[in-house]
Amino acid sequence: MHSSFRPRLAPLVLAALCSAGIAQAQGSNAVAPTPVQVRPEVDQAYTQLMAAPAIAELLEAVKADHARSIEDLRLLTEIEAPPFKEQARAEAFLARMKALGLTDAKIDAEGNVVGLRRGTGNGPTLLISAHLDTVFPTGTDVKIKERDGKLYAPGISDDTRGLAVLLSWLKVLNDRQVRTTGDLLFVGNVGEEELGNLRGMKRLFAEHPEIDGMVGIEPAPQGAVLVLGTASHRYEVTFKGPGGHSYGAFGQVPSAIHGMGRAIAKIGDIRTPTFPKTTFTVGTVGGGTSVNTIAPDARMAVDIRSDEMGPLLETEKQILAAIDAGVAEENKRWGVDTLSVSTKLIGDRPGGRTPSDSVIVEAATRANTAFGQKTLLSGASTDANVPMSLGIPAIIIGGGGKTGGFHALSEWIDLTDAWKGAQNSLVTVLGLVGVEGVSAPLLANRPAGAKR
């Protein structure tokens, strides 16, 4: 999970809410539910699903599989999966998928684990996914510790729990021989965290134009449905100058660090809109060679985010201009032109949103109602950014369990009754693809022309 779910309601309501992180949303911060109207055909589909004996048996199977699924969670959590080094976990996940019936599953050229469970035909293709990577570097202790009814380990909830839920769904669907109308594309993807840059999802949607929608599984509070993908651009900025002795060359050469400082001060004065929320930060800095050297080099990394591309691009323009202005001022200070700067785009996450009146959001809302949950529409930067940016219906929902400590060594999950969340999200999926003899698919097949 690249960034936490945040409440996203109407502008006037949104302004009154705090920007709650996902862990906070599961704690004491109360956030108002989001009204979503559900059209009659969606309501009917879920009424049929919840009344069908075959679905009742399937949901009981999810509950019964809960203890076994924890073993999958333990297995995968204790395999390191830093960004760009997900291979070992991918191979383990692939082996489990094959053992549970997806014998044709494979690892693609980007490192995603991909397996197709075919439907009866003529239905939509729904991508269901969780990401393999975690934020933690190689060498992190990922052994699970258990205390006070919780399991503690880096990455255990974000997003290894999602991987275990996908495996549980696959097992119970095959064990109960439930036939969906649409195809289910099971995926454990790479590149969601840090500078992974959503590379796994970008490859998937480039190579699988048949995908009609996406449901991603991430740690989330009960009832949360992510419908907004926060876009981001990240830059690596490098300042270069001749350098020199701090005393002997003083007044003759500019300082790369001083130029960077001027740029940072100008960046700090930039103002951005509160709605759509648009942010920036200089996240890291470095440079110089010694305390008594006029720095010949300096570098910084800049993060820019917005819930809409227009404000992001405008903020980006101002930041790049501030950087150039900082360099110009440092050169002017000493009457030279020997300090230069270069910028490199190192992160490009497209943004978008899935309308609240789309079938996929109404489906998740109606499934929440069936399980006694109120729906909270939310936003963040996740794998769903990619399909959203392409106009493909996509949401992120939870897989069950209470979670906390994201991106910290103290990350934890409480799996008490977590099977309820796995049931809820599976019912969302089944309504979208349809179940033979129970309900027709709600998710539409995209027009052939739209499947580039």
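Just so you know, all these numbers are worked out from the coordinates, no wet-lab data involved. For clarity, every value in this text was computed on a predicted model and none was experimentally measured. Here Cβ is always computed from backbone atoms with ideal geometry, including for glycine, and neighbour counts include all displayed protein chains.
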Q.
Neighbour counts of other C-beta atoms within 10 Å: give me V187, V429, V215, V178 arranged from fewest to most.
A. V178, V429, V215, V187
Q) Among L185, L313, which comes first, then next, by fewest other beta-carbon atoms within 10 Å? A) L313, L185
Q) Per the Kirkwood definition applied to all pairs of different Cα atoms, how many angstroms is the hydrodynamic radius of the stretch 314-452? A) 19.5
Q. Say R0 is 60 Å: what FRET efficiency, to the nearest 0.05, do E436 and V285 get from their beta-carbon distance?
A. 0.55
Q. Could you give the distance between the Cα centres of the stretch 322-396 and the stretch 179-216, to the whole Å?
A. 18
Q: Calculate the length of the line joining the C-alpha centroid of the stretch 403-440 to that of the stretch 84-110, in whole Å.
A: 21
Q.
Just to be sure I understand the model, the point goes 7 Å from the Cα along the line to the Cβ. What's the resulting K98 to E146 distance in nm?
A. 3.0
Q. Mind checking the log10 I(q)/I(0) for the stretch 231-349 at q = 0.13, 0.18 Å⁻¹? Debye, one equal scatterer per Cα, no solvent, two decimals.
A. -0.51, -0.84
**Q.** Helix-derived mean residue ellipticity, 222 nm - over the chain, DSSP H n ≥ 4, -39500 (n - 2.57), to 500
**A.** -10500 deg cm²/dmol
Q: Could you tell me what fraction of 2.2 N^0.38 Å the Cα radius of gyration of the stretch 109-210 comes to, as a two-decimal ratio?
A: 1.25
Q) Just going by the charge dipole of the stretch 231-349, with Lys and Arg at +1 and Asp and Glu at -1 on Cβ, which of T289, P254, V237 is farthest out on the positive end? A) T289
Q. If you bin every alpha carbon distance in the stretch 60-137 into 10 Å steps from zero, what whole percent lands in each bin?
A. 16, 43, 32, 8, 0
Q) Hey, what D do you get for the stretch 145-193 in µm²/s if you plug the Kirkwood alpha-carbon radius into Stokes-Einstein at 10 °C and 1.306 mPa s? A) 121
Q: Find the Cα radius of gyration of the chain, compare it with 2.2 N^0.38 Å by division, and give the number to two decimals.
A: 1.08
Q. Can you give the charge dipole size of the stretch 231-349 about its Cα centre, rounded to the nearest 20 debye, using +1 on the beta carbon of Lys and Arg and -1 on the beta carbon of Asp and Glu?
A. 140
Q.
Past 30 Å, Cα to Cα: identify those pairs from K171/K277; K145/K202; K150/K277; K145/K420, in the order given.
A. K171/K277; K145/K202; K150/K277
Q: Evaluate the Debye formula for the stretch 268-322 with equal point scatterers sitting on the alpha carbons, no solvent, and hand back log10 of I(q)/I(0) at q = 0.23, 0.29, 0.30 Å⁻¹, in q order, two decimals.
A: -0.85, -1.14, -1.18
Q | Per-residue Cβ neighbour rank within 10 angstrom, fewest leading, R147, R349, R262, R333 | A | R147, R333, R262, R349
